[in-house]
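**Student:** Can you keep this structure in mind? I'll have questions shortly.
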Amino acid sequence: MAKRRPIKIGRHTLGGRELLFILGPCVIESPAFTRRMATRIKKICDGEGASFVFKASYDKANRTSLAGDRGTGMKTGLLLLAMVKQDYGFPVLTDVHEYTPMDEVAAVVDVLQTPAFLCRQTDFIQKVASAGRPV
């Protein structure tokens, strides 16, 4: 069995002694909603001494209904995730899809999340991993 290596995510270490949560809304709805969620999550985690990665999707492409809200889109979503990262000081995560420009997204976020339906697609996982972020 291979030895597990801790993974650095921002100033946190996943796989070390620290408990690290991934928390946030499923999808980015608006700038105000994103700030409100980041503020509330930070307040709760600060009060409990807990560390976390903020997770929000700019494009939730794996909806069960075409009428479902998919998010703000990449340009606005990445601006909001960059704002959260800068203003609140915690790492951010978003999910990626087959058409995602990995390098552009990886320049903003700390972790790239693979949707469950894509996790067994070898070519896709290699593309995501090549962006140099935890997957």
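**Student:** Could you point to the label whose value was computed as Rg and Dmax of the Cα atoms in Å for the structure here, given (1) 16.5, 53; (2) 14.9, 46; (3) 14.1, 42?
**Tutor:** (2)
**Student:** Then there is this: Among Asp110, Asp95, Asp46, which one shows the biggest mean-square fluctuation in a GNM of the chain, springs joining Cα atoms closer than 10 Å?
**Tutor:** Sorting by GNM fluctuation, first place goes to Asp46.
**Student:** What distance in nm separates the simple spin-label points at Ala61 and Cys119, each placed 7 Å from Cα in the Cβ direction?
**Tutor:** Label at Ala61, label at Cys119, 1.8 nm between them.
**Student:** Evaluate the relative contact order of the range 1-123 (contact order divided by residue number), counting alpha-carbon pairs under 8 angstrom at least 6 apart; express in whole percent. Intermediate values should be presented prior to the final figure.
**Tutor:** Working: 170 pairs, mean separation 27.4, N = 123.
Taking the mean separation of contacting Cα pairs over the length of the range 1-123, I get 22 percent.
**Student:** Could you pull out every residue, at least 5 positions away or on a different chain, whose amide H is within less than 5 Å of the one on Gln113? Hs are placed 1.01 Å off N in the peptide plane, and Pro or chain starts have none.
**Tutor:** For Gln113, the qualifying residues are Thr94, Asp95, Val96.
**Student:** For the chain, modelled as a Gaussian network with Cα springs under 10 Å, which listed residue fluctuates most, Gly73, Gly24, Gly49?
**Tutor:** Sorting by GNM fluctuation, first place goes to Gly49.
**Student:** Given a 1.4 angstrom probe, I'd like the percentage of the accessible area of the chain that is carbon and sulfur, rounded to a whole number. Mind dumping the intermediate values first?
**Tutor:** On the way: 4560 of 8330 Å².
The computed percentage sits at 55.
**Student:** Also: Of Gln121, Gln86, Gln113, which has the largest mean-square fluctuation in a 10 Å C-alpha GNM of the chain?
**Tutor:** Gln121
**Student:** Right, another one. Quick check on the chain: helices-only [θ] at 222 nm, where DSSP H runs of length 4 and up contribute -39,500 (n - 2.57) each and the sum goes over total residues. Nearest 500, please. Before the final figure, lay out the partial values.
**Tutor:** Working: 4 runs with 46 residues, N = 135.
Only helices count here, giving -10500 deg cm²/dmol.
**Student:** Provide the per-residue ³J(HN,Hα) series for the range 87-104, in order, calculated from phi with Karplus coefficients 6.51, -1.76, 1.60 and θ = phi - 60°, each as a whole number of Hz, with x at glycine and proline positions.
**Tutor:** 6, 9, x, 10, x, 10, 9, 9, 8, 10, 9, 3, 8, 5, x, 3, 5, 5
The values are calculated or read from the model by the stated rules, or taken from the named source; none is laboratory data. A quick note: this is a predicted structure, and the numbers were derived from the prediction, not measured. Note: ideal-geometry Cβ built from the backbone for every residue, glycine included; neighbour counts use all protein chains shown. These area figures cover heavy atoms from the full protein model, side chains too; ligands, DNA and RNA do not enter into them. Shrake-Rupley method; radii C 1.70, N 1.55, O 1.52, S 1.80 Å.
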